[in-house]
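Asker: Structure incoming, see below.
The values are calculated or read from the model by the stated rules, or taken from the named source; none is laboratory data. Please read these numbers as outputs of a predicted model, since none were measured by experiment. Glycine gets a Cβ as well: all are built from the backbone with ideal geometry, and neighbour counts include every protein chain shown. Keep in mind that these areas ignore ligands, DNA and RNA; they rest on the heavy atoms of the full protein, side chains included. Shrake-Rupley method; radii C 1.70, N 1.55, O 1.52, S 1.80 Å.
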Amino acid sequence: MNLSKWRNVPSILMAAGGLLALLGFFVNREQFAYSWLLAFMFFLSLCLGSLFLVMIHHLFDAGWSVPIRRFCEHIAAMLPWMALLFIPVAVLAKTIYKWMNENPALDHALRSKQPLFTVPKFYLVTVLLFGAWWLLSNRLLSWSLKQDHSGAAEPTFRMRGHSFWGMWAFGLSLTLAAIMWMKALQHQWFSTMYGVCYFAGSVWMALGTAYVITMILDRQGVLTDILHEHQYYFLGSILFAFTVFHAYVNFAQYFIIWNANMPEEAFWFVLRERGTWWWIGIVIIFGHFFIPFLALLRIDVKNLFPYMVPLCLWTWLMHYVDLSFNIMPVLHPSGFVLHWIDLGCWAFMAGLLAKVFLRNYLAHPPYPIKDPRLSEAMGLSPVPPLHPMERGPGGEAHPMASPISGGEHQTKR
């Protein structure tokens, strides 16, 4: 699998997208502000979804996910770059968030959400969010790289400890980010499920991304020696689970609000049933749920690359459409508009983050080379056989197939 012809793609995306975005800033500043926010929330979800996969790996002491952990750590470690990409949102905040221009004394919804919904608190929360994400992603990656050098037990326990407090901080920070940066576009609306919906979509897309990156690194021979086919099966199975989970939380939110029929709640959905937004909603129902749900039902398709890779790339498209459905009706209430500034902002961020990821990933070992669970990830049990007949000529113990990891089903692809 020759990838040399793709090496200039990030630079091309960054240059072309940056030019379009810069032009959009001067031609249509309001459109630029919303387009930048849409692209930002898209790539933020990829970083946060990858951070979740790293923490859940440590909290469950998983073995099968060791090969995918390193590139997930590097994706999560791009969160400080997301802080830099947030600067245009911070600068144009009063253009994006109409509540910043409202008087709380005349707006009951805004007054009831103080002191959080004030301009100083908006920027304070932003600093705290990026600070927490930087601390968590930096500590997990730092101890992971120390594990490569020492092979001692301390890095394993440290990463597990950071994942413990980090999971609580992750849930709170992701919810605040979704509320302050997306839901606040229409500050009158309120939802207790909004953060969960953003979380479900983020992990859904991160899983699809992890599957494709694992396949590419496998084809390149980077991860081949430590993979067996069950890694792909497990990634596909969790992708299937989050397909259902995302549909469940979004439908539950819609069902409860629509049946309550309270104007201060239902107006958010009423706006998104006008014009072509109605058809975007239908696309999300079928494209975000029914198509991947039915496609992943069969147990045997999760190991078929020609089948799974297009489906995983489909998660990017559907997640982008879903975020557009959440953000863009505020600017375009009459219907969906795919603006050239949207494409420019997305391409610039994609190119920049791809260059950062490749630089960092190539500077370190491609997987945790001294992780104590690496043998299990390879489908082998680290426990030596006890029976003398199972030992080598010199009495040494040979690794055994592990039924937990699925190593007994290891096959050549």
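Asker: With each run of n ≥ 4 DSSP H residues scored as -39500 (n - 2.57), what mean residue ellipticity at 222 nm is computed for the chain after dividing by its residue count and rounding to the nearest 500 deg cm²/dmol?
Answerer: Numbers: 17 runs with 272 residues, N = 413.
Calculated from helices alone, the mean residue ellipticity at 222 nm is -22000 deg cm²/dmol.
Asker: Taking the Cα of R359, stepping 7 Å toward and past its beta carbon, and measuring to each backbone N in the stretch 46-90: which are under 12 Å?
Answerer: 81
Asker: Using only Cα atoms, find the angle between the long axis of helix 340-362 and the longest principal axis of the chain, and express it within 0 to 90 degrees, rounded to the nearest 10.
Answerer: In the chain, helix 340-362 runs at an angle near 30 degrees to the longest axis.
Asker: With the calculation restricted to Cα positions, what are the radius of gyration and Dmax of the stretch 68-214 in angstrom?
Answerer: 18.1, 61
Asker: Could you tell me how many degrees, from 0 to 90 and to the nearest 10, lie between the Cα long axis of helix 9-27 and the main elongation axis, the longest principal axis, of the Cα atoms of the chain?
Answerer: Helix 9-27 sits at roughly 10 degrees to that axis.
Asker: Under the 0.36 nm per residue contour assumption, what length would be gained going from the current alpha-carbon distance of Y307 and N8 to full extension?
Answerer: 104.9 nm
Asker: Tell me the net charge near F42. Cut-off is 13 Å between Cβ atoms, F42 excluded, with +1 for each Lys or Arg and -1 for each Asp or Glu. Could the numbers behind the result be given before it?
Answerer: Working: positive: none; negative: D322, D342.
Net charge around F42: -2.
Asker: If you don't mind, another one. Roughly speaking, what % of Cα-Cα pairs in the stretch 65-143 are separated by over 16 Å, rounded to a whole number? Present the calculation step by step, with values, prior to reporting the outcome.
Answerer: Values: 1900 of 3081 pairs.
Every Cα pair in the stretch 65-143 considered, those over 16 Å come to 62 percent.
Asker: Please sort 98-108, 126-136, 289-299, 203-213 by packing, taking for each peptide the average over its residues of neighbouring beta carbons within 10 angstrom, highest first. Mind showing how you got there, number by number?
Answerer: On the way: 98-108: 12.7, 126-136: 17.2, 289-299: 14.7, 203-213: 24.2.
So the order, starting with the most tightly packed, is 203-213, 126-136, 289-299, 98-108.
Asker: Starting from the Cα of S191, step 7 Å along the direction of its Cβ; do the same at F286; then give the gap between the two resulting points in nm.
Answerer: Result: 2.2 nm between the two label points.
Asker: Using only Cα atoms and rounding to the nearest 10 degrees, what angle (0 to 90) does helix 154-181 make with the longest principal axis of the chain?
Answerer: So the helix axis and the longest Cα principal axis differ by about 20 degrees.
Asker: Have a look at T214, T276, T315 and tell me which one the Gaussian network model of the chain (Cα, springs below 10 Å) gives the largest fluctuation.
Answerer: Most flexible of the set in this elastic network: T276.
Asker: Here is a follow-up. Under a point-charge model restricted to the Cβ atoms of Lys and Arg (+1) and Asp and Glu (-1), what is the dipole moment magnitude of the stretch 113-200 relative to its Cα centre, in debye to the nearest 20?
Answerer: Values: 7 positive and 2 negative charges, 35 e Å.
The calculated dipole for the stretch 113-200 is roughly 160 debye.
Asker: Further question: Determine the order of I327, I256, I282 by accessible area, beginning with the largest, at a probe radius of 1.4 Å.
Answerer: Values: I327 0, I256 115, I282 50 Å².
Descending order: I256, I282, I327.
Asker: For the stretch 1-150, compute the orientation-averaged projected area of the C-alpha convex hull (one quarter of its surface), in nm².
Answerer: Values: hull surface 51.9 nm².
Reported value for the Cα convex hull: 13.0 nm².
Asker: Ignoring ligands, DNA and RNA, what percent of the 1.4 Å accessible area of the chain is carbon and sulfur?
Answerer: On the way: 13290 of 18880 Å².
Reported share for carbon and sulfur atoms: 70 percent.
Asker: Could you tell me the relative contact order of the chain? Use alpha-carbon pairs under 8 Å, at least six residues apart, and round to a whole percent. Write down the numbers at each step before the final one.
Answerer: Working: 516 pairs, mean separation 122.8, N = 413.
Worked out over the chain, it gives 30 percent.
Asker: Under the classification rounded if a/c is under 1.5, otherwise prolate if a/b is larger than b/c and oblate if not, where does the stretch 186-284 fall, given a ≥ b ≥ c as square roots of the Cα gyration tensor eigenvalues? List each step's numbers first, then the result.
Answerer: Numbers: a/c = 3.53, a/b = 2.86, b/c = 1.23.
Prolate, since a/c reaches 1.5 and a/b exceeds b/c.
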